[in-house]
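One structure is given here, and the rest of the page talks about it.
The values are calculated or read from the model by the stated rules, or taken from the named source; none is laboratory data. Predicted model only: the values in this text are computed from it and were never measured. Ideal geometry is used to build each Cβ from the backbone, glycine not excepted, and the neighbour counts take in all protein chains shown.
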Amino acid sequence: MNNMFPIQSKTAQQIWNNFDRELIHKLKLLPEEERTDIRLEILSHLYESTMDGASEETSTEDVSLINAIEKLGSPEEYIEPLIADILIYQKASKGHPVAILQGLKSSAKKGFFHTLATLILGMGYFWVIMIFIMSVMHIINPEIGIWYHDTGAISLSFEAQPNATQWQPEWFSLIGIFVSCLAYWGLSKVLSFFIAKLK
């Protein structure tokens, strides 16, 4: 038995060990450091709750532990969403597209501010991907790019525009690919910050 959580009763020790084994199993997907932190936090909360209940004259240690586990709830209710959030955060910060979509979806569920942030980030990803695609296509078709019109308007176009001057036709592909990759990385970092704030 771990000295940090001294349980006296043999029955309570067996219940505690079973709970701890299940907890370790549920947390196995996480990196070791986070797994240890979460496990100790849950066990600490469980131990305090058990000791509070055991201080009552009518309650034994094993009954108090069972009541504390019931109060804590099913591990699926509090561990699985936590693991999912941590894994999404890790993958989104590395730029994984599926994790980014899951992060945007998770952010949108949290209220007006997060919905607005999701909308802005979603539009950011849309334009980044659009510019990346256009930059790659520009290599094959040099007419694709950014065009300045005589009226002062600017447009992204897949073909040459009348009465317009193309912006950086020789360098558009290189600049577009570099800037879109950099922006994608930056948006992923901003999204991972929002996901971390939602935990």
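Data overview
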item	result
For Glu48: the one exception among (1) modelled with pLDDT under 80; (2) assigned to a helix (DSSP H, G or I); (3) not basic (Lys, Arg)	(1)
Flag if Ala117 is at pLDDT below 80, over 21 Å from Pro81 (Cα atoms) and surrounded by 14 or more Cβ atoms within 10 Å (Cβ to Cβ)	yes
Residue count, the stretch 123-141 (criterion: farther than 18 Å from Ser180 by Cα and surrounded by 12 or more Cβ atoms within 10 Å (Cβ to Cβ))	1
Residue in the stretch 171-185 that is at pLDDT 85 or above and not in a helix (DSSP H, G or I) present	yes
Residues of the stretch 128-178 that turn out to be more than 37 Å from the chain's Cα centre (by Cα), under 30 Å from Pro97 (Cα atoms) and among the hydroxyl-bearing types (Ser, Thr, Tyr), as a count	0
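Conditions (1) assigned to a helix (DSSP H, G or I); (2) in contact (Cβ under 8 Å) with a residue 24 or more places away in the chain, marked per residue:
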{"position": "Ala117", "(1), (2)": "yes, yes"}
{"position": "Gly122", "(1), (2)": "yes, no"}
{"position": "Phe132", "(1), (2)": "yes, yes"}
{"position": "His138", "(1), (2)": "yes, yes"}
{"position": "Pro142", "(1), (2)": "no, yes"}
{"position": "Ile146", "(1), (2)": "no, yes"}
{"position": "Ser155", "(1), (2)": "no, no"}
{"position": "Ala160", "(1), (2)": "no, no"}
{"position": "Thr165", "(1), (2)": "no, no"}
